[in-house]
1. Which of the residues spanning the range 26-71 are part of a loop (DSSP other than H, G, I, E, B) and either farther than 13 Å from residue 16 by Cβ or touching a Leu at 6+ places or on another chain (Cβ under 7 Å) (or both)?
2. Within the range 41-52, how many residues turn out to be among the aliphatic types (A, V, I, L, M), surrounded by 13 or more Cβ atoms within 10 Å (Cβ to Cβ) and over 11 Å from the mean Cα position of the chain (by Cα)?
3. Name the one entry in 57, 70, 35 that is at pLDDT below 80 and of a type in the set (D, E, K, R).
4. Could you count how many residues in the range 9-25 are touching a helix residue (DSSP H, G or I) at 6+ places or on another chain (Cβ under 8 Å) and outside any strand (DSSP E or B)?
5. Within the set of pairs 6+ apart or on separate chains, which have a first residue in the range 53-66 that is more than 17 Å from residue 35 (Cβ to Cβ), a second that is of a type in the set (Lys, Arg) and surrounded by 12 or more Cβ atoms within 10 Å (Cβ to Cβ), and C-beta atoms under 9 Å apart?
Amino acid sequence: MKLRDTSQPNIVAAKIINVTPKNVTVITEEGHLLKIPLTKQYREDKTLRASLVDILKAGIWIPVNKKLKKLFSYDWLSAPALVPAKN
């Protein structure tokens with residue numbers, strides 16, 4: 001899969017190749033390996049980690065920020081939900 005025509009060059013398509021309790025390793029569309037550290041929320045939530053393993057098994061490409069080495073809480077097809085500012 002090749003992601004084209006994006007206004008955000010740091011967001012790339014990646015495929016999960018390994019999931020550990022602390023990290024997710026992905027390979028980008030250019031063939032670069034990224035080790036993404038999981039946040040405390042991901043490490044403590046067994047459902048979220050199980051979802052990552054399911055994505056790994058299915059071979060689904062996901063968006064990642066290659067500069068920040070972060071996963072997104074939304075996918076390619078859904079827009080991120082707006083969160084109102086707290087005063």
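The values are calculated or read from the model by the stated rules, or taken from the named source; none is laboratory data. Quick caveat: nothing in here was measured; it's all calculated off a predicted structure. Cβ: placed from backbone, ideal geometry, glycine included. Neighbour counts: every protein chain shown.
1. Passing the criteria: 29, 30, 31, 32, 39, 45, 66, 67, 68, 69.
2. So the count comes out to 1.
3. Criteria check complete, one pass: 70.
4. Number of matching residues: 2.
5. 59/15; 60/15; 61/15
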